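Peer 1: Below is the structure I would like to discuss, written out as structure tokens.
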């Protein structure tokens, strides 16, 4: 097993690591929003902040990973200042997290790259489900094809990054 | 153990490739679906604001849509409709351009605005 897992030695250490990871995720989230994409599709983004969620799931516990994700979505929503985007972000983030956590549990921490692909795909499914509720129509489901197509690419990108990161040993 | 690991990786790689190809085909269909009786429906949230027969349009005109969420300028052409201006922050609705054929709606997420073009006459109206 190439994956490195860590145990917190104290509550203070846990607090510090979670705060640091939340800061990393927020920085990535904010910087990514400024990167122009070559294609303009509603709801499409690279999702680089997912690298942090994936890494947290691999190196720490699902609970710690979820804490960082929840804080990032809430603080990111405040920074972006859009109530609508916040709902989409929340639905996508929570569903993607659940699927990634279950996959990593089943695969015993192997094939992290695939968890990235699953996360990206289910993030879109969560967002489209939110759109179905908001618009009360199924037309938005047509976005699933193109969004899944790009999710495979962006998911591989974030998944492979997280896998390389999870293989590194850090001093805690 | 190591062999089993490689096998699972190869299987997952094939699954990924399959998803990529299938979703690519689905995306192609969404953009290229042929609409004969082009009818545009403009929604704000779940409320239908306008129904426009695009084939009956002879002179292009614009509609200003002002809701409590913000305003969008919709341009109506013969056989095509699109958002040309909006005061939303991302302006993805403007970048989406005009739709006529295809199943993809134009969506302005911050303003909860959606424009759908579909075939009114045919029974091929695919609504899952």
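A short reminder: the numbers here are calculations on the coordinates, not readings from a lab. If you're wondering where the values come from, they're calculated on a predicted model, not measured in any experiment.
Peer 1: I want to verify a result. In a Gaussian network model of chain B, Cα cutoff 10 Å, which of these has the top mean-square fluctuation: B:99, B:52, B:81?
Peer 2: Highest fluctuation of the listed residues: B:52.
Peer 1: Moving on to the next point. Please check: in the Gaussian network model of chain A (C-alpha springs, under 10 Å), which one of A:45, A:108, A:11 has the largest mean-square fluctuation.
Peer 2: A:11
Peer 1: Moving on to the next point. Would you work out the Kirkwood radius for the protein assembly as shown? I mean one over the mean of 1/r across all pairs of different Cα atoms, in Å.
Peer 2: Taking every pair of different Cα atoms in the protein assembly as shown, averaging 1/r and inverting gives 20.8 Å.
Peer 1: Here is a follow-up. So what is the calculated 222 nm ellipticity per residue for chain B, using -39500 (n - 2.57) for each DSSP H run with n of 4 or more, over all residues, to the nearest 500 deg cm²/dmol?
Peer 2: -9500 deg cm²/dmol
Peer 1: Further, regarding this structure: When chain A is treated as a GNM, springs tying every alpha-carbon pair under 10 Å, which of A:143, A:135, A:55 comes out with the largest mean-square fluctuation?
Peer 2: Evaluated over chain A, the most mobile residue of the options is A:135.
Peer 1: Within the P(r) computed for region A:63-172, what percentage of the Cα pairs occupies the region above 22 Å?
Peer 2: 37
Peer 1: Using just the helices of chain A, give the 222 nm mean residue ellipticity in deg cm²/dmol: DSSP H runs with n ≥ 4 each add -39,500 (n - 2.57), and the total is spread over all residues, rounded to 500.
Peer 2: Mean residue ellipticity at 222 nm (helix-derived): -25000 deg cm²/dmol.
Peer 1: Relative contact order of chain A, please, whole-number percent, based on alpha carbon pairs below 8 angstrom and at least 6 residues apart.
Peer 2: Across chain A, relative contact order equals 28 percent.
Peer 1: Which angle between 0 and 90 degrees, to the nearest 10, do you get for helix B:2-32 versus the longest principal axis of chain B when only C-alpha atoms count?
Peer 2: Value to nearest ten degrees: 20.
Peer 1: Could I ask something else about it? Angle between the Cα long axis of helix A:11-34 and the longest principal axis of chain A, 0 to 90 degrees, nearest 10?
Peer 2: Here the helix axis deviates by roughly 30 degrees.
Peer 1: If N is the number of residues in region B:35-119, what value comes out of its Cα radius of gyration divided by 2.2 N^0.38 Å?
Peer 2: 0.98
Peer 1: Between 0 and 90 degrees, rounded to the nearest ten: what's the tilt of helix A:112-135 against the longest Cα principal axis of chain A?
Peer 2: Compared with the principal axis, the helix lies near 40 degrees.
Peer 1: Hey, another quick one. What relative contact order, as a whole-number percentage, does chain B give when Cα pairs under 8 Å and 6 or more residues apart are counted?
Peer 2: 24
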